[in-house]
Amino acid sequence: MSDIQLKNIDKAFGKVEVLHDVNMTVNDGEFVVFVGPSGCGKSTLLRVIAGLEKVTAGEIFIDNELVNDIQPRERGIAMVFQSYALYPHMTVYKNMSFGLKLKKHDKQEIDRRVRHAADTLQLTEYLNRRPAELSGGQRQRVAIGRAIVRKPKVFLFDEPLSNLDAALRVQTRIEIAKLHKKLDATIIYVTHDQVEAMTLADKIVVLHDGRVEQVGAPLELYNAPANLFVAGFIGSPKMNFLKGVVTSVKGTTVEISLPDGKAITIEHKTPGNENAQATVGIRPEHLILAKPEDGLLKAEVDVVERLGDVSYLYCTLSDGTAIIASTPGTSLATTGDIVHLTARIEKIHVFGPDGTTWK
Ligand code: ADP
Ligand code: MG
């Protein structure tokens, strides 16, 4: 068992409040990703869990034990950083075994663990090399190996792929996913990259300005974002946001007009008032080219990007709103074309004036 519970965590550095009332549970064996823009407090939260930072308020439990006052090295946690922090003068073998040696583990046991980790990470043939003689991806694997040999209860990863080039990032990402299955480990992984979060996580925690915006499985966040921030952060290209106005409310049926005067009708449990502002969100991949009479939106094409499997139409609506439509295959549209776009009503999100999703 290695589950983690955070209760009402606040963290301030002097007068600067970095984390506000963070609550969450990480279950045993779960792969949890903290995602959010740079500076939102991801590393601080990870360091709080590791015990490298003291909380200002709140409680941290590991396996139901309150660990607020427990030293980092006694929390059963291993951390892998973005900068691999390998010892340059030591071989891969020594880098991986050093920590165990300090802890005075038996020599044969150390050797067994290092060789097992090297085998798991396909590093066996590099055990005698120094970090300078390895590629970025191999160095990152050594850093992970150094964590594995300690047999921690929980692995913490802080943006471990940021220093790798795009191709290697994808490859290493898949290796980390496989590793999670192989080790059956509890992992908390920090990234600012929503694609990494979507592909790796069992559960994503979206952070923004030191607060938890939403917790959920990747597709829950994609299909049902709780608010504008999550809607805009998860998904690529970003969700389009349009200015809507409530034009009629009949019971729970709400009609919202879109920039070009057409309207959509949604069901909303606690509808707002007529004339209330609402933001209408439609993902680029949910916009469909339509005949003029069927279109919800009329847009002028500014730029077309053809990526082979898909084309992105960068367009402007009559009220000046910039939107992106993702259309399958190679688009024949060109700059200056007028296109009509629609979307299935169940793919349309509506957010109230306070930014939360209307359900
Ligand atoms: P992230 O990892 O999401 O990019 P961090 O957790 O590193 O964000 O930082 C969150 C905020 O806390 C930032 O505004 C940062 O400047 C501030 N911060 C982090 N560490 C310290 C510190 N030791 N002293 C003062 N401010 C800090
Ligand atoms: Mg960070």
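The values are calculated or read from the model by the stated rules, or taken from the named source; none is laboratory data. Note that the coordinates shown come from a computational prediction; the quantities given were computed from them, not determined experimentally. Glycine gets a Cβ as well: all are built from the backbone with ideal geometry, and neighbour counts include every protein chain shown. Remember, those area values only see protein heavy atoms, side chains included, never the ligands or the DNA or RNA. Shrake-Rupley method; radii C 1.70, N 1.55, O 1.52, S 1.80 Å.
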Subset of the range 201-213 [assigned to a strand (DSSP E or B) and either modelled with pLDDT under 95 or within 16 Å of ligand 1 (Cβ to nearest atom) (or both)]: Ile204, Val205, Val206, Leu207, His208, Arg211, Val212, Glu213
Residues being open to solvent by 10 Å² or more (accessible area, probe 1.4 Å), under 19 Å from Val246 (Cβ atoms) and in a strand (DSSP E or B) - total across the range 302-359: 3
Which listed residue, of Glu159, Glu220, is among the charged types (D, E, K, R), closer than 15 Å to Val33 by Cβ and modelled with pLDDT of 95 or more: Glu220
Filter result for the condition that a residue is of a type in the set (Asp, Glu), touching a residue at least 12 places away in the same chain (Cβ under 8 Å) and either part of a loop (DSSP other than H, G, I, E, B) or more than 23 Å from Arg141 (Cα to Cα) (or both), over Asp69, Asp28: Asp28
Residue within the range 34-44 that is under 12 Å from Leu156 (Cβ atoms) and of a type in the set (D, E, K, R) present: yes
Enumeration of residues in the range 37-82 that are within 16 Å of ligand 2 (Cβ to nearest atom), more than 16 Å from Lys11 (Cβ to Cβ) and open to solvent by 10 Å² or more (accessible area, probe 1.4 Å): Pro37, Ser38, Met79, Phe81, Gln82
